[in-house]
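Structure first, commentary second.
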Amino acid sequence: MGNVFKALSDPTRRQVLQLLKARPMTAGDLAEHFDVTKPTMSAHFAVLLAADLIQAEKQGRTITYRLKMSVLEEALLGFSAAFGLQLANPDGGESVARDGDDR
C-alpha cells in the first residue's frame, strides 16, 4: 500500500487519475494538461504504474493509459479499515461497516 500512498501524495498524479477517471488518454493528451517536461510526466506515469493504479497499452509509439479503479478502491478501503472508518455504500444504502463493526 506504500506505493499507492506515494502515488497519491503528489497533486499532479492525483490530477492524472482524475483525468483518467473520465476516459483512457494517451501520454500526449495527458501531458497537455500540465506545464512540465516529458521526462517529468514519464516519471509520474512510472510511479502510478508501480502503484498499479493505471495500466499502459502501447500501440506503435503511442501509449494509452487507463485508470484501474478497482485498485484505487481497494487501497482506499484498506486505508479506511486501518483507521476504523466507515464508508458510505455506493448503492445509497447504509454505511459499509469496517474493522469488525456490525453496524
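The values are calculated or read from the model by the stated rules, or taken from the named source; none is laboratory data. Only a predicted model underlies this, so the values are computations on that prediction, with no experimental measurement involved. Note that each Cβ is placed from the backbone with ideal geometry, even for glycine, and that neighbours are counted across all protein chains shown.
Quick check: anything in segment 28-39 among the β-branched types (Val, Ile, Thr) and in a loop (DSSP other than H, G, I, E, B)?
Yes, the conditions are met somewhere in segment 28-39.
Give the residue that is nearest to Arg61 (Cα to Cα), with candidates limited to residues of segment 1-27 that are assigned to a helix (DSSP H, G or I) and touching a Lys or Arg at 6+ places or on another chain (Cβ under 7 Å).
It comes out as Leu20.
So in segment 48-78, with the set limited to residues that are in contact (Cβ under 8 Å) with a residue 60 or more places away in the chain and of a type in the set (Gly, Ala, Ser), which one is farthest from Val4 (Cα to Cα)?
Ranking the candidates gives Gly78 first.
Are any residues in segment 36-52 modelled with pLDDT of 95 or more and either crowded, with 16+ Cβ neighbours inside 10 Å or acidic (Asp, Glu) (or both), and if so, which ones?
Passing the criteria: Met41, His44, Phe45, Val47, Leu48, Leu49.
Take Leu85 and tell me if it is in contact with a strand residue (DSSP E or B) (Cβ under 9 Å, 6 or more places away or on another chain) and either assigned to a helix (DSSP H, G or I) or surrounded by fewer than 18 Cβ atoms within 10 Å (Cβ to Cβ) (or both).
So Leu85 does not fit the description; no.
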